[in-house]
Amino acid sequence: MFDPLDLYSPDDIQIVPVQFNLVGREQKKHTSGRQHDESLANEDEKESDDDDSVIDNLDLPSVKYASPEVILCTLILLRPDRQVNFNQETEKNKSVLEVCKSRGLQPDLLKKLLSWYADEWPNKRLNSLEKICNKIPMLRHMISKELLLGYYTSVLKKYNNNSGFDNETIQKLLKELSSRISENCGRTAQPSTIRYFELRNLRNAIPLYEPSLTADNLGWKTWGSSLILSQLVVDRLHTADMDFVANRGTKRIKVLELGSGTGLVGLSWASKWKELYGIDNTEIFVTDLPDIVTNLKKNVSLNNLQDFVQAEILDWTNPQSFIDRFGYENEFDIILIADPIYSPQHPEWVVNMISRFLAPSGTCHLEIPLRAKYAKERELLRLLLQDNDLMVVKEEYSEGIDDWGVVEYLYRQIIRN
Ligand SMILES: C[S@@+](CC[C@H](N)C(=O)[O-])C[C@H]1O[C@@H](n2cnc3c(N)ncnc32)[C@H](O)[C@@H]1O
């Protein structure tokens, strides 16, 4: 079971190496130098022109002889696939246009790579744009991380600290290269990324910007609890069996998410509401600590929800500034909270917030992971809810995933006694 402190060294995604007969081909290429190796060309000629033939690291452009543009294009094609719901989407059978669009790849760069494989260093496995755009990205799944890192470090060796290469392409190449290397160094070292979340009963995927993790900013990563809770609230809105939807007339539904992090739960709720009812009749706050709110605002805009979703600071230890800004009587019909318990003080702070902000007929939806280390805090949370006349009316256990694998979760629906 995951301990939140493990955040800084989660297990790496396993890449299963595929067995190739690398040695023979490596020897041939390495003895060939700048001129195209005739024997290899003949071998390529003999090979079928079939698009399914696999490539390996030796098919990547030669670091020694290829131009920086060719290497840059290769590095862009080796970017990680889109991440959806904590999984890597495999980009199979995409059109050249789709690959260019998803990777922001300029056609003239791609043409340079094509001419490398078609003219400069002929390679039948990669002599069309379609083959290049499908096979090079797949290489991430086909060969070991070590082989790819070997390629990246040879690029670094050539271009790093070389004043002769001080141009825009080299700067782009080095930036792309450092991203490729750091993506292989665990979650903490990973560069910023946009992840996508696809939910049943929600038309569009939710993109969320996640900065690279620095200091203790746990809210810069999206956590597994929020995916489970998001699906739950979207399903409930979809089947319209949430108490608040019925018989409210024109009264606005007020929603508050506490400790939103990247904002998945609040933004899922808002997106489904918008899909069903437009942007009227609701007011929604996604909240967190000051360091987290800047990115949260960005995610509100990224999802085009800024017209009715506000990202604001609400510190559980000092909610006064939120109260001063938004009204003393401010109470909410819905409170959403995902993964708020990971220190001994959290149960008390979180229960204080529910007590303070839940409207008399409101409902709080809470999702927590069952971390072995925090059993005592979960028990304290249960007792404090009782002591504060907050009643758990529904409990559900489920299994979900996070970056490091399967996690068990507990959902609690809470109302006032
Ligand atoms: C484990 S993260 C969960 C984030 C998000 N709900 C999710 O599930 O992806 C816990 C969140 O609680 C926030 N948090 C911790 N202490 C807080 C406090 N005193 N006031 C407000 N938010 C706090 C953190 O900044 C972080 O965003």
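The values are calculated or read from the model by the stated rules, or taken from the named source; none is laboratory data. This one's a predicted model, so the numbers in the text were calculated from it and none came from an experiment. Please note: Cβ atoms are built from the backbone with ideal geometry, for glycine as well, and neighbour counts cover all protein chains shown. Side chains included, ligands, DNA and RNA excluded: accessible areas come from the protein's heavy atoms. Shrake-Rupley method; radii C 1.70, N 1.55, O 1.52, S 1.80 Å.
When you go through V293, V309 one by one, which is the residue that is among the aliphatic types (A, V, I, L, M) and free of Cβ contacts under 8 Å to residues at least 24 places away in the same chain? Explain how you work it out, then say what you get.
Values: V309 fails: free of Cβ contacts under 8 Å to residues at least 24 places away in the same chain.
It is V293.
What's the number of the condition F357 fails, among (1) touching an Asp or Glu at 6+ places or on another chain (Cβ under 9 Å); (2) modelled with pLDDT under 95; (3) open to solvent by less than 60 Å² (accessible area, probe 1.4 Å)?
In the conditions (1) touching an Asp or Glu at 6+ places or on another chain (Cβ under 9 Å); (2) modelled with pLDDT under 95; (3) open to solvent by less than 60 Å² (accessible area, probe 1.4 Å), F357 misses (2) alone.
I'm trying to understand the selection: among the residues of region 303-315, which are within 14 Å of the ligand (Cβ to nearest atom) and either open to solvent by 40 Å² or more (accessible area, probe 1.4 Å) or under 19 Å from the mean Cα position of the chain (by Cα) (or both)?
From region 303-315, those within 14 Å of the ligand (Cβ to nearest atom) are 311-315; that's our starting set.
Across region 303-315, the qualifying residues are I313, D315.
Taking P319 as the residue in question, decide whether it is more than 20 Å from V233 (Cβ to Cβ), crowded, with 22+ Cβ neighbours inside 10 Å and not polar (S, T, N, Q). Step through it out loud before you land on a result.
Details: more than 20 Å from V233 (Cβ to Cβ): yes; crowded, with 22+ Cβ neighbours inside 10 Å: no; not polar (S, T, N, Q): yes.
Considered against the rule, which asks whether it is more than 20 Å from V233 (Cβ to Cβ), crowded, with 22+ Cβ neighbours inside 10 Å and not polar (S, T, N, Q), P319 comes out as no.
Here's the yes/no breakdown for (1) in contact with a Lys or Arg (Cβ under 7 Å, 6 or more places away or on another chain); (2) aromatic (F, W, Y); (3) without any contact (Cβ under 8 Å) to a residue 60 or more places away in the chain:
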{"residue": "I335", "(1), (2), (3)": "no, no, no"}
{"residue": "D339", "(1), (2), (3)": "no, no, no"}
{"residue": "E348", "(1), (2), (3)": "no, no, yes"}
{"residue": "N352", "(1), (2), (3)": "no, no, yes"}
{"residue": "F357", "(1), (2), (3)": "no, yes, no"}
{"residue": "L370", "(1), (2), (3)": "no, no, no"}
{"residue": "Y374", "(1), (2), (3)": "no, yes, yes"}
{"residue": "R382", "(1), (2), (3)": "no, no, yes"}
{"residue": "V393", "(1), (2), (3)": "no, no, yes"}
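Filter region 264-302 for residues that are open to solvent by 40 Å² or more (accessible area, probe 1.4 Å) and near the ligand (Cβ under 9 Å from one of its atoms); which is farthest from D339 (Cα to Cα)?
Selected residue: D291.
Would you check if there is a residue in region 377-388 being in contact with a Ser or Thr (Cβ under 6 Å, 6 or more places away or on another chain) and open to solvent by 10 Å² or more (accessible area, probe 1.4 Å)? Explain how you work it out, then say what you get.
Our first condition is that a residue be in contact with a Ser or Thr (Cβ under 6 Å, 6 or more places away or on another chain); within region 377-388, this holds for 388.
Applying the additional criterion that residues be open to solvent by 10 Å² or more (accessible area, probe 1.4 Å) yields 388.
For region 377-388, residues in contact with a Ser or Thr (Cβ under 6 Å, 6 or more places away or on another chain) and open to solvent by 10 Å² or more (accessible area, probe 1.4 Å): present.
Within region 335-346, is there a residue that is of a type in the set (A, V, I, L, M) and either surrounded by fewer than 15 Cβ atoms within 10 Å (Cβ to Cβ) or more than 13 Å from the ligand (Cβ to nearest atom) (or both)?
Of the residues in region 335-346, the ones of a type in the set (A, V, I, L, M) are 335-338, 341.
Now narrow it down to the ones that are either surrounded by fewer than 15 Cβ atoms within 10 Å (Cβ to Cβ) or more than 13 Å from the ligand (Cβ to nearest atom) (or both): none.
No, region 335-346 has no match at all.
Could you say which residue among V99, V70 is touching a residue at least 40 places away in the same chain (Cβ under 8 Å) and assigned to a helix (DSSP H, G or I)?
Working: V99 fails: touching a residue at least 40 places away in the same chain (Cβ under 8 Å).
Among V99, V70, only V70 is touching a residue at least 40 places away in the same chain (Cβ under 8 Å) and assigned to a helix (DSSP H, G or I).
State all residues of region 113-143 that are closer than 23 Å to T169 by Cα, surrounded by fewer than 19 Cβ atoms within 10 Å (Cβ to Cβ) and not aliphatic (A, V, I, L, M); if no residue qualifies, say none.
Once the filter is applied, which keeps residues that are closer than 23 Å to T169 by Cα, surrounded by fewer than 19 Cβ atoms within 10 Å (Cβ to Cβ) and not aliphatic (A, V, I, L, M), region 113-143 yields S115, D119, E120.
Is it true that some residue in region 129-138 is touching a helix residue (DSSP H, G or I) at 6+ places or on another chain (Cβ under 7 Å), outside the structural domain of K221 (by TED's automatic domain parsing), outside any helix (DSSP H, G or I) and farther than 27 Å from N160 by Cα?
No, that holds for no residue.
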